[in-house]
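Please treat every number below as a calculation from the coordinates, not as lab data. The shown structure was predicted, so the numbers you read here are calculated from the model rather than taken from an experiment. A quick note on method: Cβ atoms are made from the backbone with ideal geometry, for glycine too, and the neighbour counts reach across all protein chains shown.
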Amino acid sequence: MKHTKSHAKVRKAIFPVGGLGTRFLPATKSMPKEMLPVVDKPLIHYAFEEARAAGIEQFIFVTGRNKHSIEDHFDHVYELQSRLSARDKKKELEQTSDWLPQAGNISFTRQQEPLGLGHAVWCARHLIGDEPFAVLLADDMVLSKKPCLKQMVGAYQKTGANILGVMDVPRAKTSSYGIVDIDAKARTGDARLVKAKGLVEKPSPDKAPSTLSIIGRYILQPEIFDILDKQKPGAGGEIQLTDAISGMTSKKGVYGYRFEGTRYDCGSLVGFVAANVAYALEREEITNVMIDEIEQVFKRSGHTLCK
Ligand code: G1P
């Protein structure tokens, strides 16, 4: 593989947060699914932290109806802050606002109709302009030593291409994800990096070209917007990001990056609850009590951990 010295830095990230979250009703009746907490932070906050850890400076949210609480989350909350300050609650005060992006480094645009993920990304085209950018879906959480997007930025710096976070799923599940058609002949020189010759959105198991599925982490080249301009609806009648990226294989190239870490699919109930347990166990101050609690829950319920 050709090693070019430096590629344009990935400075901007898009967070598509327009989804309805119907799998989490009634919790999401009046609250965005991206604000559901895993332990004590909303899903969107984890995605934001991951982006920042990967060097992202500009945070772009593509919202929809009833998403105001996401905007409020990324703003000061003066009444609470002044009360906390009056009571000298330093730690709590830090948690409300120490992490806020600098004014002007956060933008919100609206996807007025739910036409698909490709359309949501396209809605942010003027905010991205002509530079590479990341897309993070808050539904997907990756628990890892090095943040997933940061790992992918490393792969982007080597290739200058489009990079997708990927992992193998059981064949029976291919119809829930974008699937990579692997270019088996291509040598990438990196065991984690796989070249794609195409991508298929949510193929049935018998039609899936592989079991390598795309998770909600992307580094994309701005040429994607020219493709999205003309992208026709695909799977589910929606304008699919996967289809547009597939159109880039012959241009700047598309690679899957087998990230290090464990992915939790928080778009599903089981994945979301599992993420809560896993992230709680990661919190040193509560790890031991959590283990005791989990053991007690199992005892009381009559279930056993080992089958
Ligand atoms: C979206 C993408 C899909 C990808 C998935 C990852 O699907 O369209 O290609 O595999 O995110 O979570 P969705 O989960 O929005 O149906």
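Scan segment 125-139 and give yes if some residue there is farther than 19 Å from residue 16 by Cα and of a type in the set (Gly, Ala, Ser), otherwise no. No - not one qualifying residue is present in segment 125-139. The condition of being of a type in the set (Lys, Arg), away from the ligand (no atom under 16 Å from the Cβ) and touching a residue at least 12 places away in the same chain (Cβ under 8 Å) holds for only one of 195, 185, that being 195.
Report yes if residue 107 is within 16 Å of the ligand (Cβ to nearest atom) and either touching a His at 6+ places or on another chain (Cβ under 7 Å) or among the hydroxyl-bearing types (Ser, Thr, Tyr) (or both), otherwise no. No, not satisfied.
Output the number of residues of segment 228-273 satisfying the condition of being without any contact (Cβ under 8 Å) to a residue 24 or more places away in the chain and either within 20 Å of residue 47 (Cα to Cα) or among the hydroxyl-bearing types (Ser, Thr, Tyr) (or both). Total meeting the criteria: 4.
Among the residues making up segment 21-57, those that are assigned to a loop (DSSP other than H, G, I, E, B), farther than 19 Å from residue 163 by Cβ and under 16 Å from the mean Cα position of the chain (by Cα) are 21, 32, 36.
Among residues of segment 202-227 being crowded, with 23+ Cβ neighbours inside 10 Å and farther than 21 Å from residue 142 by Cβ, the one that is nearest to the ligand (Cβ to nearest atom) is 224.
Does residue 278 count as under 19 Å from residue 141 (Cα atoms), in contact (Cβ under 8 Å) with a residue 60 or more places away in the chain and either surrounded by fewer than 16 Cβ atoms within 10 Å (Cβ to Cβ) or more than 10 Å from the ligand (Cβ to nearest atom) (or both)? Criteria met by residue 278. Restricted to segment 165-182, and to residues there that are out of contact with any Cys (no Cβ under 8 Å at 6 or more places or on another chain) and in a strand (DSSP E or B), the residue that is nearest to the ligand (Cβ to nearest atom) is 178.
Does residue 18 count as part of a loop (DSSP other than H, G, I, E, B) and within 16 Å of the ligand (Cβ to nearest atom)? Spelling it out, residue 18 is indeed part of a loop (DSSP other than H, G, I, E, B) and within 16 Å of the ligand (Cβ to nearest atom).
Going through segment 228-254 one residue at a time, which ones are within 14 Å of the ligand (Cβ to nearest atom) and part of a loop (DSSP other than H, G, I, E, B)? Passing the criteria: 231, 233, 234, 238, 239, 240.
One residue stands out among those in segment 255-268 that are more than 13 Å from the ligand (Cβ to nearest atom) and in a strand (DSSP E or B): the one that is farthest from the chain's Cα centre (by Cα), which is 255.
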